Every structure is written in C-alpha cells, then in structure tokens.
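Rule-based calculations on the coordinates, nothing more; no lab input. Everything numeric in this text was worked out from a predicted model, so none of it was measured. Neighbour counts run over all protein chains shown; Cβ positions are idealised from the backbone, glycine included.
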Amino acid sequence: MLQLSPLEIKKNRTFIKVWTITFLIVFPLLIVLGLLMRLNQGEEINLGMDKFYVLMTLHGLGMAGLLFSTSFAALWYLIGTRHVKLNLGIGYLVYFLILIGVIGLAYATLLGKFGAGWYLLYPLPFKNAIWPAWSTGLSIVSLIILGVAWLLGMLHVLYVLAKEYGGLTNLLGWQYLGKKEVKKELPPIVMITTISLIPGVIAYLAGAVFLVMFLMQFFEPTLTFNMLLMKNLIFFFGHTLVNITLYCCLGWVYALLPEYTGRKWVTNKVLVYAWNATFFFIIFAYFHHLYMDFAQPLGLQYAGQLASYFSAVPATAVSMFGVITQVYHSKIKWGIVPLSFLIGVGGWAVGGFAAVIDATISVNLVFHNTMWVPGHFHTYMLGGVVLFIFGFFFYLSHTREEQEKDISGKAGFWLFVLGAHCFIATFYTGGVNSIPRRYADYKGIPIESTHLIGAFLARLAAICIIIVIIGFLIMTFAILVKLIRKRVAITEPVQNS
Amino acid sequence: MPSKTIHIIFITVISGLAWVISFPLNEWFSDTMPRHQLLQLPAMLLLGILAGLRYSRLIPIRFPWDVALLIFIMASLVFWMLPRSIDTAVIHPAFNRLMHVTMLAAGFLTITVLRQTIFEIRIAFMAMVSVMVFVTGMTLVTFNILLCSSFNIDQQKETGLRLLITGMFFAAGTLFTFFSGLGKKT
C-alpha cells in the first residue's frame, strides 16, 4: 500500500473534488439538452431542426467526454492514493485542457450552431452545412485539444504504473500465466487500467488522424477524403472511448466492492486471460458500426460481429461472476455505494446484452436506425457508468456509517434508478416499434401510427427525465453537503479479510 | 585525438554537408517535389538531429520550455509543408535557405527536447508528428488539383504516397517507443 503524507492526501482530495464538482455542474446541463430534444420529439416544444441537431451534438459529445473524463479522474485518484504516486501537475494540466476543449465545443455548438452529431458524419460538416465554417473549425480544434489532454493523462498513468510494476507484461498480468511464483501482487484495478488505457492511446492516434484530416479539409474545402476510411477512423475512436469508459469504472468496482463484502478480489489466471482477451477484441469490435456501409469488405463485417460477441464474453462474464461471488452470502450492508455498483453492473449487463443483439448483422439490418441503438447505450451509460460514478462520489464524500444511513441520498438514488430505467424503456419500446433515431420530430413520417407512438414515447421519456433530474439533484445535494462541510479520510481502504 | 579537434571536425562536416545541400545541390533538389520535400527538407532535419545528438546535453531545457519548443518545431514543419511556402522556397533560393536554417534548428531542438522531456510529452509529440505527416501524404495523394505551381500533379501524388508511407513508419516508431518505454523496468 502506498504511503502518502497528509499534505499529499489533501492535494489528491482537492483534485478529485474539483472533478466531482465539475461533473455535478455539467452533467445536469447536458441532461437538460436531452430533455429538450425529447420534448421536441414529443411535439411539446418547437425547437426547429437546426437547434435540435445542435443540442444532439453537444449532448452526445459532452456526455461521452464528461463520462470518460470523470471515470478516468476517479481511476486516477484511486491509483494515485493507493498504488503509485501520480503527478498532480499533469492531472491539472489535463483538467484545464479538457476545460478549454469543452468551452470551445460549447461555443461552437450553442453559438456557432454546429450540428453534425458526435460522429461528425463525413463529409456532412463541409457540404451545404447550415452553420458557419468557423464553428466547424472550432469544434475540430476543441476535439483535438480534448484528445491531447486525454492522451497525456493516459500516458502518464500507464508510464508510472509500468515503472512501479516492472514493465508492460507485468501490468497485463502475464506473470500469473507462468509457473514461477509471482513476486509482486498485481491489483485488478491496475491490470484493468492498463487494458483500458492502451487501446485508448491507439484509438487516440486514429482520432488524431481523422481530426487532422478534418482540419485539412476545413482549410481546403475542395479536398475529398475516402468516406469509408473516415468512418472507420471515427468509429474506432468513438467506440473505443465509450468502451474504455465502462472498463475504467469496472476498475474501481474491482477495487472498492471488496471493502464492503470483506472478500478478496485478486488477480488470477482466469482474470488475466479474460481481460487480455478483451484487450484484443476491444480493438476490432467497432466494425459493428459499419454494417450499413455496403462498401466495407464483407470479411470485416463478420470480424465485427465475432469481435463484438467475443469482447462481451470474457470481461463481462468474469466480472459478473466475480460480483456475484463477492456479494453472495457476504453479509454485506447495502449502503448506497455497493448498491450503486451492483445496479450499475446490472445496467452494464443489460446494455451490453442489448449491444450484442444489435451487433448481430441480421438484427442490425432491422434495428440499426431505430431507437434501439440509443436505448442500449443509454442503458450502460446512464444505468451503468453514471451509477458507478455516483457510487464513487458517495464513497468519497460519506463515511461508511453515513453511506448506510443517508436516507435522502438513497431516496435520490432510487428515484434516479427508477427514472433512468423507465426512460431507457421508452427507447427500447421505440426500437421495437420502428421509431427512427436521430429524427428531430416525427411529423414527417407518413405512417401515422409510427408518428403517434414516437411522439407519445418521447413525452413519456421527458417525464422520466424529470424524475432522473430530481433524483440527481437530491443525490448532488447529499454529496455536496458532506464533501464541502467536512474532511473524510477515505484513502485507506478497509483491508480484505 | 583531442576532443577539441573532434568537435571542430564534427562541426565542419555538418556545416559542410549543410552548405553542399543548400548551395551547390540546391537547384537539383528544387527540380522535383519529391526531391525538395522528401530529400532536401529531411536532410537538413537529419543534420540538425545529428548535431543535437552530440550537443543536446549542453542545453538544459525544462518544462514548460520543452512544450513551447515542441510547438515551435511542429509549427515549422507545418509551415514548410504549406503549398505557398514550398512555391516561394523553390522560386526564391534565399527563402529556401531560410527553410534550411529552420529545419537545422528544428532537428537540433527536436533531439534536445525529446531527450530531456518527460515520456508523456515525448509520445504525444511523436504521435502528433506521425499523424501530421500521414495526413499530409493522404491529402497530396487525394487532391487532384495542383497545389504547388512549381511542380506537377504526378510529382505531387508521388510525394504524397511517400509521405503516407513515412507517416506509417513514424506511427510504428511512436508505438515502438511507447511500448518499449512501458517495457523498461525500474
């Protein structure tokens, strides 16, 4: 266990507090954008197409970026207070670069009306765009800044861990596969961090390529790049980023859940095989985003389906089984932290399963452009990642006793879970009723029943979002009160029995 | 041999090579785009790197100057890849020599900074340079309009293709440096 001075602990806590407060401010704002979108689809307000797509772009880019950044920051805090000393100077540099990137994106979308979606569907931003060219340029530069920030952060964590644990192979847990005795135990959080961040670094390279290509075209609009190549690069970057967000969260579930169950959760051969397999499959799973692209070689489509199936099995199955063995007959006290983790894992499992269904080529042909797709990613993001993040925030702000007795926090939590899953259900119901996704509204659909069901589900979703916001605000209040008023020494984990 | 003599010989050789590339061979290098962009420019960069390998330790560079210098190097590379810069360099030898001096400085500073900066910034810089070279190559291959009036479209595409391949090698080198950096034990 890492020994830190009180001053170092304080500095680390200040760093994570900054991230916590940033999340608690930005997240509800981004939810409100989603609410406005659903109200527009429900024909309760009239945003107009241009504003709808502006909101959709900021909501998508903002949520993906915020959730990854926060899950990475939490991972940073747990690793930096338990396993290796991380450079907080780099931590703050990353934070401020992200802030600059987010401000740039907000400016480009809200004021510049940039509305090409998170995927910046090429060549959309450059062909007959209804927004000014500068907003496209600003969005690209902002995304490059965000990418550089994440890259620096990821490289720093990986480098420091590699130095501490004796190289990359040890970080991947390969020492457990041999017959030799393992000299230094590898905590699962460290292995999962490595397996999450290395694909992140590689995906960032792909992201940088397409962003610089976008920048080139911004300066020279007559340029035309290969659209299929662009789409491959964009989705490799985007899919991997979202995937590793989940894995970062799982890292701290592996680290924190044993403190509540009192059971060890250590690295072993099964865990190493499972996560190393994930490491490989995560790189190729993104092909399932391109099933609709007839020009994509058929072999890659099959590879996408297989990689999606295989990537889901090892980490998911092993982690689910691990969580069950952790909590089964463990006499765990169901405070808000283990509850968040357990229900978050549930959200991850359901969303992941829905994703695997959608990654099946024959199913995707039907579901691809329906509400099923936002349904599945909202399940593992809102019903998974966000709950993991809240679990971590409660862990950070509350003592063990407060976690168990905080009635308001629990009330907010259950309200949030209820609202979130009802909200998600409107997406799935929309999916099975062929309600198209990415439509600003359904007025133009000639099939009247589709129009009516789509608008009705959107109104229902808006009500659910309001419940989510109320739950969120209650939890935020509970966290902020504890976080600001007193200092809780949480950095020392309870030793496993 | 005394070290002072070695220094004099080294500097003379580097300066001599720079002079040969910049003056007697300038016309030959400016004849085609691949020669200008893929031979003359990298040659000057390489000479700068060689000088850097020998003398970089004499100049201590600490954060945030390392970041500032890397931005300067990046900006220099971008500037000398702009079509207008290339055209002007081919038309005006004096401007071309300015490019040579910049590339020598960039090469020298690259090795000086990369040796002293932290791992994270080193990898981020290498990644961005490889991406930049790759995308420039991709642009030149894709673009069907002549960008530099001093050359022709075939030369432009040939330069693009070779830059594309160079970018891939750079990316492979970045990944190699990244993984070998992680592989080093304490």
**Report entry** the range A:167-271: C-alpha gyration tensor shape, a/c 1.5 cut-off, then a/b vs b/c
**Finding:** prolate
Report task. Would you please give the FRET efficiency between B:L25 and B:F179, computed as 1/(1 + (r/R0)^6) with r the Cβ-Cβ distance and R0 = 30 Å, to the nearest 0.05? Result -> 0.20
Query - Helix A:227-261 axis, angle to chain A major axis (alpha carbon atoms, nearest 10°) - result: 30
Query raised in the report: Once the Cα atoms of the range A:247-399 are picked out, what are the Rg and Dmax in Å?
Result: 17.1, 56
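What does the extension gain come out to for A:H368 and A:F321, with contour length at 0.36 nm per residue minus their alpha carbon separation?
13.9 nm
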Report summary line: Which residues qualify? For A:T370, with a placed amide H closer than 5 Å and at least 5 residues away or on another chain, they are A:R437
Query raised in the report: Based on DSSP H runs of at least 4 residues, each adding -39500 (n - 2.57), what is the mean residue ellipticity at 222 nm of chain A after dividing by all its residues, to the nearest 500 deg cm²/dmol?
Result: -24500 deg cm²/dmol
Query raised in the report: To the nearest 20 debye, what is the magnitude of the charge dipole of the range A:120-197 about its Cα centre, counting +1 on the Cβ of each Lys and Arg and -1 on the Cβ of each Asp and Glu?
Result: 180
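At R0 = 60 Å, how high is the FRET efficiency between A:I357 and B:I59 if r is their beta carbon distance? Nearest 0.05 is fine.
Working: r = 59 Å, r/R0 = 0.99.
Step by step, r from the Cβ atoms, then E = 0.50.
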Query raised in the report: In terms of Cα to Cα distance under 20 Å, which lysines are near enough to A:K85, apart from those fewer than 8 places away along the same chain?
Result: A:K10, A:K11, A:K17, A:K163, A:K184, B:K184, B:K185
Query raised in the report: Can you pull out the cysteines in the protein assembly as shown that have no other Cys Cβ under 4.7 Å?
Result: A:C248, A:C249, B:C148
Query raised in the report: What is the spin-label model distance, in nm, from A:K264 to A:M49 if the labels are put 7 Å beyond Cα along the C-beta direction?
Result: 6.2
Query raised in the report: When the Karplus curve 6.51 cos²θ - 1.76 cosθ + 1.60 is applied with θ = phi - 60°, which whole-Hz ³J(HN,Hα) does each residue of the range A:327-333 get, with x for Gly and Pro?
Result: 8, 5, 6, 9, 6, 5, 8
Query raised in the report: To the nearest 20 debye, what is the magnitude of the charge dipole of the range A:6-485 about its Cα centre, counting +1 on the Cβ of each Lys and Arg and -1 on the Cβ of each Asp and Glu?
Result: 1200
Query raised in the report: Length gain on complete extension for the stretch A:F477 to A:L300, per 0.36 nm per residue less the alpha carbon to alpha carbon distance?
Result: 58.9 nm
Report summary line: In terms of the alpha carbon gyration tensor, root eigenvalues a ≥ b ≥ c, rounded if a/c is under 1.5 and otherwise prolate when a/b exceeds b/c or oblate, the protein assembly as shown is oblate
Requested in this report: Given a cut-off of 18 Å, name the pairs among A:K179/A:K264; A:K51/A:K443; A:K333/A:K405 whose C-alpha atoms lie farther apart than that in the structure shown.
Outcome: A:K179/A:K264
Query raised in the report: Given labels modelled 7 Å from the Cα in the Cβ direction, how far is it in nm from B:S15 to A:I407?
Result: 8.6
**Report entry** In Hz, Karplus ³J(HN,Hα) per residue of the range A:365-370 (6.51, -1.76, 1.60; θ = phi - 60°; x = Gly, Pro)
**Finding:** 4, 8, 8, 3, 9, 10
Requested in this report: Helix by helix through chain B, keep the DSSP H runs that span 24 Å or more along the axis on Cα and average at least -1.0 on Kyte-Doolittle, and give those back in order.
Outcome: B:3-22, B:93-116, B:119-142, B:153-183
Report summary line: Proxy exposure order for A:C248, A:C464 (fewest C-beta within 10 Å first) is A:C464, A:C248
Query raised in the report: Separation between the B:L161 and A:K163 pseudo-spin-labels, each 7 Å from Cα along Cα→Cβ, expressed in nm?
Result: 4.5
Query raised in the report: Once phi is turned into θ = phi - 60°, what whole-Hz ³J(HN,Hα) does the Karplus curve with 6.51, -1.76 and 1.60 give for every residue of the range A:124-141, x standing for Gly and Pro?
Result: 3, x, 10, 10, 6, 5, 8, 9, x, 4, 4, 5, 5, x, 5, 4, 5, 4
Report summary line: For A:W265, the residues 5 or more places away or on another chain with a placed amide H closer than 5 Å to its own amide H are none
**Report entry** Residue order, fewest to most beta carbons within 10 Å, for A:W414, A:W265
**Finding:** A:W414, A:W265
Query raised in the report: Order of B:I8, A:I332, A:I198 from fewest to most other C-beta atoms within 10 Å?
Result: B:I8, A:I332, A:I198
Query raised in the report: Suppose every K and R has +1 on its Cβ and every D and E has -1 on its Cβ; what is the size of the dipole of the range A:267-423 about the Cα centre, in Debye to the nearest 20?
Result: 360
Query raised in the report: Between the helical axis of A:298-312 and the dominant principal axis of chain A, each derived from Cα atoms, what acute angle in degrees is found, rounded to the nearest 10?
Result: 40
**Report entry** Listed residue (B:H92, B:V131, B:I14) projecting farthest to the positive dipole end of chain B, Cβ model
**Finding:** B:I14
Report summary line: Gyration tensor on Cα atoms of chain B, a ≥ b ≥ c root eigenvalues, a/c under 1.5 rounded, else prolate if a/b beats b/c, else oblate, says oblate
Query - Charge-dipole axis of chain A as Lys and Arg at +1 and Asp and Glu at -1 on Cβ define it, positive-most pick from A:L97, A:P28, A:H398 - result: A:H398
Report task. Return a whole-number percent for the relative contact order of the range B:3-183, with Cα pairs under 8 Å and 6 or more residues apart as the contact set. Result -> 25
